[in-house]
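Report on one structure; see the data block that follows.
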Amino acid sequence: MDRQMEFVLRTLEERDIRFVRLWFTDVLGYLKSVAIAPAELEGAFTEGIGFDGSAIEGFSRVSEADMVAVPDPSTFQVLPWAGADGSQPAARMFCDILMPGGSPSWSDPRHVLRRQLGKASDAGFSCYVHPEIEFFLLKTKLNEHERPIPADRGGYFDQAVHDHAPNFRRHAIDALESMGISVEFSHHEAAPGQQEIDLRYADALSMADNVMTFRYLIKQVAMQEGVRATFMPKPFTEYAGSAMHTHMSLFEGENNAFHDADDPLQLSTTGRSFVAGILEHAPEISAVTNQWVNSYKRLIHGGEAPTAASWGRANRSALVRLPLYTPNKASSRRVEIRTPDSACNPYLTFAVLLAAGLKGIEEGYELPPEAEDDVWSLTAQERRAMGYKELPTSLGDALREMEHSELVAEALGEHVFDFFLRNKRHEWEEYRGQVTAYEVENYLGL
């Protein structure tokens with residue numbers, strides 16, 4: 001038995017932990033969980049926990065339903081509120097999903113990302129990610145027929161007085177850091193009730209696990225504070241939506257592969273080709289980075305989100321931004337991709353972003369001219385004249401781009417690629433058939 005397994009089993013005994021929650025995600029990014037007693041964990045490490053894969057979105061067909069969840073001991077953490085109410089403490093671990101014969105399941109989002117990281121490793125790179133995660137706090141738990149109400153009236157960087165959750169961010173950060181998830185910054189965002197918490201960089205697989213844990217903890221802390229947290233991309237018509245701006249960097253050993261001290265932008269040829277890859281393939285990966293019908297209500301002109309494939313220095317209207325906070329620090333040279341929203345599947349999102357960037361490096365893509373203007377203010381004709389690719393404006397458009405993409409098919413694998421398209425086409429067709437309040441209000445009198 002390796003040291004990590006021994007550490008987990010010893011911790012369970014020393015802290016009298018009675019339940020261990022084994023976590024994994026389906027293809028759409030919903031968190032799944034099964035609880036086991038500590039006495040069963042040693043067997044789970046060696047044999048896994050069997051379950052019906054056909055009952056999980058995108059995992060398997062009924063005819064090949066048996067699957068196995070094997071806990072990853074390196075992800076073991078005790079849940080932060082364990083024992084606070086006098087109950088027995090609990091812990092969690094993420095799982096890798098295997099087929100009964102022991103081979104990795106092609107439908108496991110963790111495996112999808114691990115395969116892409118393997119390709120990066122073969123090229124000599126390790127990948128690090130630092131996400132800025134936005135979300136809204138709402139006053140009450142509402143049903144789908146009620147209009148959501150922000151929990152405060154604060155604005156960008158306001159030291160807002162949260163009547164309904166005055167200590168929310170402090171309690172949320174305490175919970176995150178107790179589980180080994182380091183927080184770099186937190187602040188109030190631009191819209192009423194909107195929060196942002198930025199996680200300190202980590203390797204891409206650990207960060208995807210951290211994002212899933214983040215969403216779970218934020219919702220739990222919000223409930224304890226008497227409010228509700230939502231990661232819906234755009235819950236309010238009048239306010240900007242919630243993004244997950246994703247900072248990425250590649251390292252070659254200890255050296256930042258994106259840094260070049262002699263370049264005017266201090267961006268290496270590798271970094272330039274990586275950015276060019278993101279821009280070239282942005283339309284076809286959009287369905288993954290922005291996977292819901294509601295995601296495209298955020299990606300509109302004037303919505304503080306990118307609408308065209310452009311890049312710039314400190315230009316927040318661009319799809320890819322080169323942050324200039326620490327221009328002379330080699331280890332901090334990174335690129336910020338501003339399309340993903342906070343309701344994406346982080347495993348698949350990091351996988352397709354990495355795939356697009358690596359494609360740019362492999363093929364030696366040339367970085368197009370920098371966007372120095374406010375891209376949001378340009379007309380469609382002006383943007384076309386400047387060579388900017390338009391991003392999809394609906395989930396339907398995004399799916400049409402994705403279905404012809406060899407890059408996305410290869411990055412996700414055939415099983416996930418086919419299921420994702422089928423599932424999202426159904427979502428789009430179901431949405432297209434809905435009659436909205438806007439239509440009733442404007443057209444009923446015709």
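Below is a table of values for the structure above.
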| read-out | value |
| --- | --- |
| Förster radius 60 Å - calculated FRET efficiency between GLU254 and GLU382, Cβ distance, rounded to 0.05 | 0.85 |
| Segment ARG400-ALA437, extension gain: residue separation times 0.36 nm, minus the distance between their alpha carbons | 10.6 nm |
| Dipole of the chain, positive direction: furthest Cα of SER295, PRO104, VAL27, with charges on the beta-carbon | SER295 |
| Label zone at GLU6 (point 7 Å along Cα-to-Cβ), backbone N below 18 Å, segment 27-49 | 42-43, 45-46 |
| Estimated inter-spin distance, SER33 and ASP66, nm [label 7 Å along Cα→Cβ] | 2.9 nm |
| 222 nm mean residue ellipticity, helices alone, for the chain (DSSP H n ≥ 4; -39,500 (n - 2.57); rounded to 500) | -11000 deg cm²/dmol |
| Principal axes of the chain: Cα extent on each, largest first, Å | 65, 56, 49 |
| Theoretical gain in end-to-end length, GLU410 to HIS426 [0.36 nm per residue, Cα-Cα removed] | 3.5 nm |
| Relative contact order (%) - criterion: Cα under 8 Å, at least six apart; region: the chain | 14 percent |
| Positive-end extreme of charge dipole, the chain - chosen from TYR438, HIS404, ALA261 (charges on Cβ) | TYR438 |
| Cβ-based exposure ranking for THR11, THR46, in which fewest neighbours within 10 Å come first | THR46, THR11 |
| Sites SER126 and LEU265, calculated FRET efficiency, Cβ-Cβ separation with R0 22 Å, nearest 0.05 | 0.45 |
| Potential lengthening between ALA190 and GLU14 on full extension [0.36 nm per residue; Cα-Cα distance subtracted] | 58.8 nm |
| Exposure rule at most 15 other beta-carbon atoms within 10 Å, DSSP loop chymotrypsin sites (Phe, Trp or Tyr not before Pro): the chain longest free segment | 158-324 |
| Approximate shape of segment 299-430 as ellipsoid semi-axes (Cα gyration tensor, √5λ), whole Å, largest first | 26, 20, 14 |
| Exceeding the 31 Å Cα-Cα cut-off - candidates LYS297/LYS329; LYS32/LYS329; LYS32/LYS139; LYS389/LYS424; LYS32/LYS389; LYS329/LYS424 | LYS297/LYS329; LYS32/LYS329; LYS32/LYS389; LYS329/LYS424 |
| Given charges at beta-carbon only (K, R positive; D, E negative), |dipole| of the chain in Debye | 680 debye |
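No value in this document is a laboratory result; all are computed from the given coordinates. Treat the numbers as computed from the prediction; the structure is a model and nothing was measured. Cβ sites come from the backbone with ideal geometry, for glycine too, and all protein chains shown count toward neighbours.
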